[in-house]
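One structure is given here, and the rest of the page talks about it.
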Amino acid sequence: MENIKKLEQLKRPWVIAHRGYRGLFPENTLVAFEAAIEVNADMIELDVCLTSDRIPVVIHDKTLDRTTNGSGLVAEHTLAELKELDAGSWFSAKFSGVKIPTLEELLLLIKDRITVNIEIKPESYESPAPSDAIEVQVCEMVGQLELADSVLISSFEHSFFSRINRWYREHHEGSSLRIALLQEQLLSDEFAVGLCQRKGAYSYHPDEKNVSASLIDSLKAEQIRILPYTINDEKRMEQLIQLGVTGIISDEPELLWKVVRRMQNCR
Ligand code: G3P
Ligand code: MG
């Protein structure tokens, strides 16, 4: 499904493929995203950073060492340099030659096919924001490709959100994008809800270990969705679905689907 409004109608939790189908494919690459589409995930999650020539690219770490055959900071390499690298062999020889995608390449690949959670990495935050700041480039791409209803923008750096809200409203006649608060630390229910309200968040994305029944109820009472990360354990998926999460971010979309289907059949 390519439209978040359609996901909102579902009577089941959303299946969100973390960095693509990360369990079986090299994370944040086009093969991993194609695989997530193939297994009918509802949404893909990806991480975005800036190159030294200020192009948004899809990669999780601020350094190249873990997921490519390069080394050093992503932000100190040009896109041309990154495109020389192999982002698949570290995972398996059968993915040798797989490249780091740009955000634009990814959005063109998935347009009209699946919804997407774009996570902007905190390392790319700049203060003051230049005219080509990462959040501005993300907003421009989403606007140009007419993807507003297919995209959810998240970050652990919450200062991005007022800029995104302001920029999008000014350039798109008052309309807004869906934004999501990522939160690693445990917050009280009241604080989490208040933070989401102050930031105008569509959804709250906590570390799964900080999810409780009362947090879910408090968020839902204020129409705020909850999409915890990253759950790969079948039992934990089941518990969280039972508690009523909106969706689950997982490296294992097929396993998550299995749990979702099993629980639907039990109703
Ligand atoms: O967006 C959910 C999750 O991806 C946040 O953590 O480190 O996997 O990007 P991380
Ligand atoms: Mg992420």
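A Förster distance of 22 Å, applied to the separation of the beta-carbon atoms of K220 and E146, puts the FRET efficiency at 0.15. Is there a pair in K6/K258; K11/K235; K199/K220; K6/K121 whose C-alpha atoms are over 24 Å apart, and which pairs would that be? Check vs 24 Å cut-off fails for K6/K121.
Cross-link partners among lysines for K94, C-alpha distance below 21 Å, same-chain residues fewer than 8 apart left out? Here the lysines satisfying the reach criterion relative to K94 are K83. Extension gain for E157 to Q197 (0.36 nm times residue separation, less C-alpha to C-alpha distance): 12.8 nm.
The reciprocal of the average 1/r between distinct C-alpha atoms defines the Kirkwood hydrodynamic radius, which for the chain equals 18.7 Å. DSSP bridge analysis restricted to the chain gives an antiparallel fraction near 15%, rounded to the nearest 5. With an 8 Å cut-off on Cα pairs and a minimum separation of 6 or more residues, tell me the relative contact order of the stretch 50-131 in percent. It rounds to 26 percent for the stretch 50-131.
The residues of the chain expose on average 44 square angstrom of accessible surface per residue, using a 1.4 Å probe on protein heavy atoms.
With a 1.4 Å probe and every protein chain kept in, tell me what percent of the accessible surface of the stretch 1-122 is carbon plus sulfur. Of the solvent-accessible surface of the stretch 1-122, carbon and sulfur hold 52 percent. Taking loop as defined by DSSP and a crowding limit of 13 other beta carbons within 10 Å, which GluC sites (Glu not before Pro) in the stretch 153-216 fit? Sites meeting the loop and neighbour criteria: E173, E184. Put the Cα centre of the stretch 230-265 next to the Cα centre of the stretch 170-221 and the gap is 20 Å. Using C-alpha pairs below 8 Å separated by at least 6 residues, the relative contact order for the stretch 4-265 is 19 percent.
The values are calculated or read from the model by the stated rules, or taken from the named source; none is laboratory data. Note that the coordinates shown come from a computational prediction; the quantities given were computed from them, not determined experimentally. For neighbour counting, all protein chains shown are included, and Cβ atoms are generated from backbone atoms with ideal geometry for every residue, glycine included. Heavy atoms of the whole protein, side chains included, go into the accessibility calculation; ligands, DNA and RNA do not. Shrake-Rupley method; radii C 1.70, N 1.55, O 1.52, S 1.80 Å.
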